Amino acid sequence: MRPGKKRRESAAAPKREQTRRPENRRETKPSSDAVAGRNPVVEALRAKVPAKELLVAERIEIDERMQEAMRLAKNQNLVIKEVSRGVLDGLTGTTMHQGIALVIKPFQYANFEELLKKVAKPGLLIGLDGVTDPHNLGAIVRSAAAFGADGVVIPERRTAAMTGSAWKSSAGAAARLPISQVTNLVRSLEDAKKAGYFIVGLDAEGDESLPNFSLSLESIYVIVGSEGKGLSRLVRETCDLILSIPMRSDVESLNASVATAIVMHQVAANRAAATL
């Protein structure tokens, strides 16, 4: 709020300013558990993302998307609150929220041991090693669901979590695909090996090129590293195979979510061809 505006409101209506001040101080830091924007909020509500409340800016123009968002929220028995734009700015960390935000509940992760037991063979799991961008995580979850993966695994530390940004990027896929958060990624690789999985790491300097990938018909646990550092040392040493994606020499690397989608598409195509 601008200082000049604050002084005028204080002089004209001190009681109103006192009642509004706590609201404007709410969520002074961006919340990682909020989806902002009219289309993303509607998509999240359609996917029935577990949410706490829907926040709508005061005196906002109610268009068809806003109406749909409020209707979906009402059908899901969510609280709908009218708040100031300052509250939404603080909650979402941006002024580009279009006057609406959905506050989601903490994500309910799947148990990794139970996930291993439930997956039908041949299984396909995707693990993230140092992928810190929640948008990349969401995109990977979306691709994993599209290409028939059985689950996505992320470590508790040094990797993005399923926050509001990840929910938004997954376009609802996070509600349909098991996502497990483990305390130790290497231990999950070792447990998967005992369950009959081959551990395949993605790296530009791979042992095998994607077109020649020989393990598509096996249960595989594909690990993608960060764009900068790639796979961590212990993860790389635990892999049974390092897989590379052929590309032009003047391109340094692919985005982590793009690389993962390419590999999953190839695996899905190989498996489909084997059933013909």
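We did not get these values from a lab; they are worked out from the coordinates using the rules stated. For clarity, every value in this text was computed on a predicted model and none was experimentally measured. Counting neighbours? That spans all protein chains shown, and the Cβs are built from the backbone with ideal geometry, glycine included.
Annotations
- For the residues Leu72, Leu88, Leu254, a GNM of the chain with alpha-carbon springs under 10 Å puts the largest fluctuation on Leu254.
- Angle between the chain longest axis and helix 185-194 axis [Cα atoms, degrees, rounded to 10]: 40 degrees
- Considering only Ile179, Pro40, Ala57, the residue lying farthest towards the positive end of the dipole of the chain is Ala57, judged by Cα position with unit charges set on Cβ.
- Cleavage-rule hits (GluC sites (Glu not before Pro)) in the range 44-103: DSSP loop, at most 14 neighbouring Cβ within 10 angstrom: Glu58, Glu61
- Electrostatic tally near Phe107: other residues with Cβ closer than 14 Å to its Cβ, Lys and Arg +1, Asp and Glu -1, net +3.
- Extension gain from Ile60 to Leu241, taking 0.36 nm per residue of separation minus the Cα-Cα distance: 59.7 nm
- Only Lys, Arg, Asp and Glu carry charge here, each on its Cβ (+1 for the first two, -1 for the last two); on that basis the range 27-104 has a dipole of about 180 debye about its Cα centre.
- Over the C-alpha atoms of the chain, the Rg to Rh ratio, Rh being the Kirkwood estimate, stands at 1.09.
- Of all DSSP beta bridges in the chain, antiparallel share, percent nearest 5: 25 percent
- Centroid-to-centroid separation of the range 209-262 and the range 52-101 [C-alpha atoms, Å]: 40 Å
- Whether the range 112-274 is rounded, prolate or oblate, judged on the alpha carbon gyration tensor where a/c under 1.5 counts as rounded: rounded
- Against the chain, whose longest principal axis is taken from its Cα atoms, helix 134-146 shows a tilt of about 60°.
- Evaluated at q = 0.14, 0.22, 0.26 Å⁻¹, the base-10 log of the normalised Debye intensity for the range 27-104, with identical point scatterers placed on the Cα atoms, takes the values -0.35, -0.92, -1.31.
- Nonlocal amide H pairs with Gly127, under 5 Å, H built at 1.01 Å: Val153, Val222, Ile223, Val224
- Taking the Cα centre of the chain as origin and assigning +1 to Lys and Arg Cβ atoms and -1 to Asp and Glu Cβ atoms, the resulting dipole is close to 1760 debye.
- The range 32-186 shape via C-alpha gyration tensor axes, a/c threshold 1.5: prolate
- Bridges between two residues of the range 90-205, per DSSP, are antiparallel at a rate of about 0%.
- Basic side chains Lys and Arg get +1 at the Cβ, acidic Asp and Glu get -1 at the Cβ, and with that the dipole of the range 193-264 about its Cα centre reaches some 260 debye.
- Among beta bridges that DSSP assigns inside the range 27-104, antiparallel share in %, nearest 5: 60 percent
- Between helix 64-75 and the chain: long-axis angle, C-alpha atoms, 0 to 90°, nearest 10: 80 degrees
- Extreme residue, positive dipole direction of the chain, given options Ala204, Gly90, Thr275 (C-beta unit charges): Gly90
- In the chain, the calculated helix contribution to ellipticity at 222 nm averages -12000 deg cm²/dmol per residue, counting -39,500 (n - 2.57) for every DSSP H run with n ≥ 4.
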